[in-house]
Amino acid sequence: MAAHVDPHGHPPPHGYGAAGVHVHEPHPAHQHHFETMEQQAEAATLGMWLFLATEVLFFGGLFTTYLIYRMWYPAAWSEGSLELDIVLGSVNTVVLITSSLTMALAVRAAQTGHQRPLIRNLILTIILGLVFLVIKFFEYKHKFDVGHVPGPNFHFEGAHAGQVELFITLYFAMTGLHALHMVIGFGIMSVILWMAMKQRFSPAWYTPVELAGLYWHFVDIVWIFLFPLLYLVDRAGHYA
Amino acid sequence: MSGHVAPKSLYFGIFGTLMLLTGLTIAAAFTPLGSFNFPVAISIAIAKATLVILFFMHVKYSSRLTKLTIVTALFFLGIMFALTLTDYASRGWYTNPRGSGPGNTVGPNLQSTSPK
């Protein structure tokens, strides 16, 4: 390789690319086992989706449990759902979908190399995520205040207290696992923001922003299903 | 890296549609549709998730391999739902003449929870 002389004055390639073919200076993020940056990005995206596939089945177990008990105890599901604050739940849905919009705009800013919109949208996404968790905290706090927490101190005035306790258990399990994903999302978004501030991203390489976006949108999708399944079971009063 | 760059207007359009669907699902929940409330709510949620996946997550512009991975994940999710629920839903069908009832210790006591 030392004898290789590039007619354009570029340094010799690092052992890839056909001899004599014009090869650009490799991007610092380019791993040597990938032919091109496109292939590398494609592999990273596929890997992220494989991870999300395991997440789908992870949450899927809880959704299956939910469906079984809802099928068995429709009246209790109606009673339990009416205990949840539909206003806070709706506001949180709007907040999370808005954070998905800012995340999508952040990825777009990274694609087009717009540094300031990238940082602005990342910060907005983090703030909206925080708003979601703060609202969730007050919802949880209310549950503790009125004794709607599964366990020996569970207290519920109604015909199917034991079955409602099952609903509340699933409410805490599903929203809790979702909230945990939000907290992990913060860690990821903080790193992405830090990297963005150090101007690590460019239209040539923004894979971490793209993958963080996929994660964030996945968490949003989980909530899109949790909202009607938990808050809107029987608002029309069919079973109540 | 040459990912497809969608116009900003597309993202705002998708966002507006998601907001409309959120309003629609709340309105539908308060409308007495009987046993149709649940399918309607789930259908709207699936529509919203599809929009997020196709446009916010760029799957519309992704490779076939990525699309296949997603469809496979959803297929296995479907298997989990279908096979588990056919089991739980059908318990007591042939062991108890009245279906899952007070005499059935395996299945749930549906008599006390059915809508009147």
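Long-range amide H contacts for B:SER62: which residues qualify at under 5 Å (H placed 1.01 Å from N, peptide plane, sequence gap of 5 or more or a different chain)?
none
Normalise the Debye intensity by I(0) for the protein assembly as shown, one equal point scatterer per Cα, no solvent, then take log10 at q = 0.15 Å⁻¹ and round to two decimals.
-1.29
Could you give the alpha-carbon Rg of region A:84-137 over 2.2 N^0.38 Å, rounded to two decimals?
Working: Rg = 12.8 Å, N = 54, 2.2 N^0.38 = 10.0 Å.
Here the answer is 1.28, to two decimals.
Mind listing P(r) for region A:176-240? All alpha-carbon pairs, 10 Å bins, whole percents.
19, 35, 23, 14, 7, 3
Which of rounded, prolate, oblate describes region B:13-88, given a ≥ b ≥ c as roots of the alpha-carbon gyration tensor eigenvalues and a/c under 1.5 marking rounded, otherwise prolate only if a/b is larger than b/c?
Details: a/c = 4.94, a/b = 1.14, b/c = 4.35.
Oblate shape, in that a/c is at least 1.5 and b/c is the bigger or equal ratio.
Specify the longest stretch of chain A that does not include any exposed loop site, a site being one of the GluC sites (Glu not before Pro) with a non-H, G, I, E, B DSSP assignment and at most 13 other Cβ atoms within 10 Å. Kindly include the intermediate steps, with their values, before the conclusion.
Details: sites that count: A:GLU35, A:GLU157.
Result, exposed sites excluded: A:36-156.
Of the cross-linked pairs B:LYS8/B:LYS48; A:LYS198/B:LYS48; A:LYS136/B:LYS8; A:LYS141/B:LYS48, which ones have a Cα-Cα span greater than 26 Å in the structure shown?
On the way: B:LYS8/B:LYS48 19 Å; A:LYS198/B:LYS48 35 Å; A:LYS136/B:LYS8 30 Å; A:LYS141/B:LYS48 29 Å.
Over 26 Å apart, Cα to Cα: A:LYS198/B:LYS48; A:LYS136/B:LYS8; A:LYS141/B:LYS48.
Treating only the Cα positions of region A:128-240 as identical point scatterers, give the base-10 log of I(q)/I(0) from the Debye formula at each q in 0.10, 0.21 Å⁻¹.
-0.43, -1.20
Using a Gaussian network for chain A with springs between C-alpha atoms less than 10 Å apart, which of these wobbles most: A:VAL134, A:VAL107, A:VAL95?
A:VAL134
In whole Å, what are the Cα extents of region A:102-174 along the three principal axes, biggest one first?
58, 19, 16
About its Cα centre, what dipole magnitude does chain A give when the only charges are +1 on Lys and Arg Cβ and -1 on Asp and Glu Cβ, stated in debye to the nearest 20? Don't jump to the answer; show the numbers that get you there.
On the way: 10 positive and 16 negative charges, 97 e Å.
Dipole about the Cα centre, nearest 20: 460 debye.
Please compute, for peptide A:40-52, the average count of beta-carbon atoms on other protein chains lying within 10 Å of each residue's beta-carbon.
On the way: counts 1, 3, 6, 1, 1, 9, 6, 1, 3, 11, 5, 0, 5.
The shielding value for this peptide is 4.
Read-outs throughout are calculated quantities, based only on the coordinates presented, and are distinct from any laboratory measurement. Computed from a prediction, not measured in an experiment: that's the story for all the values here. Counting neighbours? That spans all protein chains shown, and the Cβs are built from the backbone with ideal geometry, glycine included.
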